[in-house]
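*Asks:* Let me give you the structure first, and then I'll get to my questions.
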Amino acid sequence: MRVFYWTLRALLSHWRRHPVQFFSVLTGLWLATALLTGVQALNSQARESYQRASQLIGGEPQTRIAASSGGLFPQALFIELRREGWPVSPMLQGRIVLQGREDRRLQLMGIEPVTLPTGSALAGQTLTAEQVVDFLTPPGMTWIAPQTLQALGLEEGQQPLTETGVPLPPLHAKPDMAPGVLLTDIGFAQPLLGQPGQLSGMLLAKDFARQNPALPATLNDLLVIKKSGEENNLERLTESFHLNLNALGVLSFIVGLFIVHAAIGLALEQRRGLLRNLRACGVSARLLIAALGVELGALALLGGIFGVVSGYLL
């Protein structure tokens with residue numbers, strides 16, 4: 001054990017004499033691990049946000065009715081479908097920017113709580129009668145994720161102004177809300193988005209959707225039914241984005257390992273004389289390899305810990 005201790009100490013003395021090489025190895029491992037960990041954490045968080053956003057209403061993807069053109073359509077079409085006996089609920093989605101926070105765009109979603117499909121949950125909870133009344137009656141309410149509220153520097157109950165000067169209904173933090181998404185009654189969402197009398201979609205009750213109903217002939221050219229299993233969800237649309245991020249993380253990790261490989265190779269070359277002297281002093285090849293392994297393991301552990309912590313902080 002004494003021989004191993006002094007052998008390891010002799011090997012480590014090289015890094016004291018060559019601090020630049022030591023920091024090259026440590027920095028290479030640090031950055032490689034940090035970038036790979038950071039990318040994986042970003043991908044995981046993004047996928048979770050997509051899932052929460054797509055399941056914001058009802059707890060799962062639902063069948064929707066949208067405009068054939070992919071844009072907005074008049075609210076009168078919703079009224080016509082309701083008169084035909086279709087259990088649909090209107091929705092309006094769009095982007096808004098708050099005054100003083102022009103660098104951040106938020107997604108605003110307007111819904112009508114009264115006509116939501118039976119049993120539908122909003123942000124993981126079923127609305128009570130009091131909450132429905134609060135949603136509908138002025139000043140209304142806007143649900144927001146706690147982390148989004150904190151990132152915007154706002155507090156519950158505040159009514160920030162949009163870039164057009166229209167105040168939002170009072171903010172209320174809800175833990176199960178998707179980050180960057182605001183939820184309010186459609187009656188408040190339409191003026192906030194500058195789209196009075198316009199809708200972006202309609203939710204269709206699951207029981208009714210299972211019957212594969214056909215749209216009225218007068219609306220066939222204007223609307224289209226998008227079933228939950230056929231609709232291109234956010235995760236599918238952003239698959240290439242995640243693939244590119246993963247490739248970037250792996251590439252960064254490989255580049256970092258090349259830096260480490262070059263620094264370790266140079267250190268071994270410079271210590272060739274030391275290794276010969278240690279062998280001449282009676283240190284066995286097995287003990288020498290074990291000491292080098294412990295040295296590399298300690299460097300890898302140190303760089304890995306710093307990298308993982310830095311990656312999650314990114």
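What follows draws every value from the coordinates through simple rules; no lab data is involved. Quick caveat, the model's predicted, so the values are computed rather than measured. All Cβ positions, glycine included, derive from the backbone under ideal geometry; neighbour counts span all protein chains shown.
*Asks:* State the extension gain, in nm to one decimal, for the chain segment bounded by residue 6 and residue 97, taking 0.36 nm per residue of separation less the distance between their alpha-carbons.
*Replies:* Length gained between residue 6 and residue 97: 26.3 nm.
*Asks:* Something else now. Given labels modelled 7 Å from the Cα in the Cβ direction, how far is it in nm from residue 255 to residue 222?
*Replies:* Those two pseudo-labels are separated by 5.4 nm.
*Asks:* Based on the Cβ-Cβ distance from residue 17 to residue 247, what FRET efficiency comes out when R0 is 35 Å, to the nearest 0.05?
*Replies:* Working from the Cβ atoms, E equals 0.35.
*Asks:* What is the packing order of peptides 154-166, 133-145, 91-103, taking the mean over residues of other C-beta atoms within 10 Å and listing the highest first?
*Replies:* Most protected by this proxy first, the peptides run 133-145, 91-103, 154-166.
*Asks:* Determine the calculated [θ] at 222 nm for the chain from helices alone, applying -39500 (n - 2.57) to every DSSP H run no shorter than 4 residues and normalising by the residue count; nearest 500 deg cm²/dmol.
*Replies:* On the way: 11 runs with 160 residues, N = 314.
Value at 222 nm, helices only: -16500 deg cm²/dmol.
*Asks:* Something else about it: Starting from the amide H of residue 185, placed 1.01 Å from N in the peptide plane, find each other amide H under 5 Å away whose residue is 5 or more places distant or on another chain.
*Replies:* Excluding prolines and chain starts, which carry no amide H, the hits are 111, 141.
*Asks:* Evaluate the distance, in nm, between pseudo-label points positioned 7 Å from the Cα of residue 159 and of residue 107 along their respective Cα→Cβ axes.
*Replies:* Modelled inter-label distance: 2.7 nm.
*Asks:* Is the shape of the stretch 126-179 rounded, prolate or oblate, going by the alpha carbon gyration tensor and its root eigenvalues a ≥ b ≥ c, with a/c under 1.5 for rounded and a/b larger than b/c for prolate? Numbers along the way, then the final one.
*Replies:* Working: a/c = 2.45, a/b = 1.18, b/c = 2.07.
Because a/c hits 1.5 or more and a/b fails to exceed b/c, the stretch 126-179 counts as oblate.
*Asks:* Let me ask something else. Considering only C-alpha atoms, what is the centroid distance from the stretch 6-38 to the stretch 77-115, in Å?
*Replies:* 55 Å
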